[in-house]
Each structure stands twice: as structure tokens, then as C-alpha cells.
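The values are calculated or read from the model by the stated rules, or taken from the named source; none is laboratory data. On a predicted model such as this, the values are computed, not experimentally measured, just so you know. No Cβ is skipped: glycine too gets one built from the backbone with ideal geometry, and neighbour counts run over all protein chains shown.
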Amino acid sequence: MLLVAEHSPKESRGFWSSWPQAAVPVGNLLATLVLFIMSTTLSSAAFLGWGWRVAFWLSAVIVFVGYYIRTHVTEAPIFLEAKAQVEKEQAISYGVGEVIRKYPKGILQAMGLRLAENIMYYLVVSFSIVYLKSVDKYDTSSLLLALLIAHVVHFVVIPQIGRLADAWGRKPVYLIGAISGATWPFFAFPMFDTKNPAVIVAAVTIGLCLHAFMYAGQPAIMTELFPTRMRYSGVSLGSQVTSIFAGSLAPLLATQWLKDTGSWMPTAIYLVISCAITAVVVLTLKETRGVALEDVDNADAVRHGLPMGARA
């Protein structure tokens, strides 16, 4: 994500850095396709016994592809400049401790941006399956087909919303996602209860489209929150740590609440609260559309009394 963002022109950073995000639904599309094929060609016993593991076995191929790409892509010039400066001034720390000490607000903002986006994604693509299967007794193959269609639309929509983040600004686009995302469960679950295949596909697809308003511009915003010398640490803390208690827990909590209450309403309230938190965090951000990363680095140098060449 940061490789693309740091290589991108400032005027179109939102668009270009949204493409790594668009790769996520492609990965999910491939995995869902494998599961769909397995579920339609195998007996239920065979699918539950070993068929569902095939997608995991095939992912080994992607690991080698990813390794090849990562080892053959050059770092952005601004990163190489920062790296050279760090090596020159070995007394200055640029690790995790430094970013926590100097940019705690940026880390908290990154965590807040990630919160609702990550929770909503796993409610749409994971808990929806649980709900439709356990409450509406919907067929597994039909569920996977709905996800296939939704992932294709998600992939197409993400770069276009990345363009909007360049045209309209980071904040308004993200706010659209946070506010509209809070409404999703209130119409999506009644749509699920119709058991109409087209309506179910529409509910999941709309959910992923609303999610994209937060997801597409996220790389650009997070890149612009931190100077290069500590950008990787700051973005990783804000993004990946949040996913531990946000998206990874969301389907588990929603499933337990469904089991305890028999209702989707607790999950809806949970998403509303998370979207409200994210919306408040967005309002605390400075609009950074079109900002040069060199300016972010120079502002950091002035703020912390570093040489102007100590870009991070």
C-alpha cells in the first residue's frame, strides 16, 4: 500500500493507492470461487471434511507470487532518501517507539479510521453468511454466488471512489462511507429475510459499495498522516493492530449476539457506534488532498528540530 502511495503523484494518490485495496476483493473473489466450485461438486460430507481447505492449499501459490513481486519492486525515491538520512544520523531513532512518542494522535486517528471500515467489511462478507445460513436456512452455494457477484462490483468500485477522494477530498468521501455504513444493517437484514436471491445479492453488494467509501481512500489518508521516516510503523500500528480487535472480533461478537437474542439489532447498534467513532475521527483530520509527501516530511523536520533533509 505504502509502496504505491509513495510512488504516486500527489494529484492522483487516492486513485493509485486504492488499487492495492482493490486487490483484496480479487483475493476474496478467487477464494469464494474455489469454495463455490467445491460446494457444488462435492457432497456435503466431503466439502466439510476437506473441500473447504482447497482454497487454503492454493494460497501457497499466491505467497510465492507475492514474494517475487515484493523483492523486485523498487522503493520510492522519497523512502530511499529517508533511509539514507537515517543511516547517516544513526543516533536518531525511527522505530515503533519513536512514532508512538511523536505521533500518538496520528496513530489514534489511523486506528479510528480503520475501526468502522474493518468491522463493516467482516459483517458484510462473513456474518451475512452466518445469518443467512442459520436464520434463513439459505443454501451455501447460493450464498457463495452472491459473494462472487458482490466482490466483482467491489473491485470495480474501489478505484472509482479513489478518484473521488482526489476530486472531492479525503474527508468528505470517508464521511460518506462512515455515515451511510451505519445505515446498512437496518435495510440489509430485512432484505436477507426476503430469501429472494436478487435482493440478497443487492444487500451484500450495497454493503461493500458503502464500505468502499471508507476503504478506497484509506491508503492515501494514512500515508499523509505520517512522515516517511516513521510512516511504515505508524500505518502498521494504526491499521493492523486495530484489525485484531475490530474486524477479527466482529463476526464472533455478532454470531454470539444472534445466538443470545435471536436478533440482528445488537449487531446493527454495534456497527452504528463504530461508524460514529470513525466519523468523529474523520472530523479531527486535516484535509490532505494533493499534499506533497516532501511537505509532510519538511513539516516533521521543523516540528522536531531535524535537518530539512531528514525526511521520513
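Results, tabulated for the structure shown:
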read-out: Qualifying residue in the range 176-184 (condition: without any contact (Cβ under 8 Å) to a residue 40 or more places away in the chain, within 29 Å of K133 (Cβ to Cβ) and either assigned to a helix (DSSP H, G or I) or of a type in the set (K, R) (or both)); value: yes
read-out: Residue that is surrounded by the most Cβ atoms within 10 Å (Cβ to Cβ), among those in the range 177-211 that are over 30 Å from K137 (Cβ atoms) and of a type in the set (A, V, I, L, M, F, W, C); value: A178
read-out: Condition check for V173: in a helix (DSSP H, G or I) and more than 30 Å from V291 (Cβ to Cβ); value: no
read-out: Cβ pairs under 7 Å, 6+ apart, first in the range 243-259 and of a type in the set (S, T, N, Q), second in a helix (DSSP H, G or I); value: S243/R114; S243/N118; T255/F127; T255/V130
read-out: Of residues in the range 129-142 being part of a helix (DSSP H, G or I) and without any contact (Cβ under 8 Å) to a residue 40 or more places away in the chain, the one surrounded by the most Cβ atoms within 10 Å (Cβ to Cβ); value: I129
read-out: Index of the failed condition, M120 passing every other in (1) hydrophobic (A, V, I, L, M, F, W, C); (2) within 22 Å of A220 (Cβ to Cβ); (3) modelled with pLDDT under 85; value: (3)
read-out: Scope the range 113-150; condition closer than 19 Å to V26 by Cα and of a type in the set (V, I, T); matching residues; value: V124, V125, I129, I149
read-out: Residue match in the range 268-279 (condition: within 20 Å of the chain's Cα centre (by Cα), more than 15 Å from L175 (Cα to Cα) and not acidic (D, E)); value: yes
read-out: Of all residues making up the range 119-175, the number that are farther than 30 Å from G51 by Cα and of a type outside the set (D, E, K, R); value: 15
read-out: In the range 13-36, the residues that are buried (at least 21 other Cβ atoms within 10 Å of the Cβ) and closer than 19 Å to A165 by Cα; value: R13, G14, F15, S17, S18, Q21
read-out: Scope the range 248-278; condition more than 18 Å from S128 (Cα to Cα) and either surrounded by fewer than 20 Cβ atoms within 10 Å (Cβ to Cβ) or touching a strand residue (DSSP E or B) at 6+ places or on another chain (Cβ under 7 Å) (or both); matching residues; value: I273, A276, I277
read-out: One residue from V65, V61 being under 30 Å from I221 (Cα atoms) and among the aliphatic types (A, V, I, L, M); value: V65
read-out: Flag if R303 is charged (D, E, K, R) and free of Cβ contacts under 8 Å to residues at least 24 places away in the same chain; value: yes
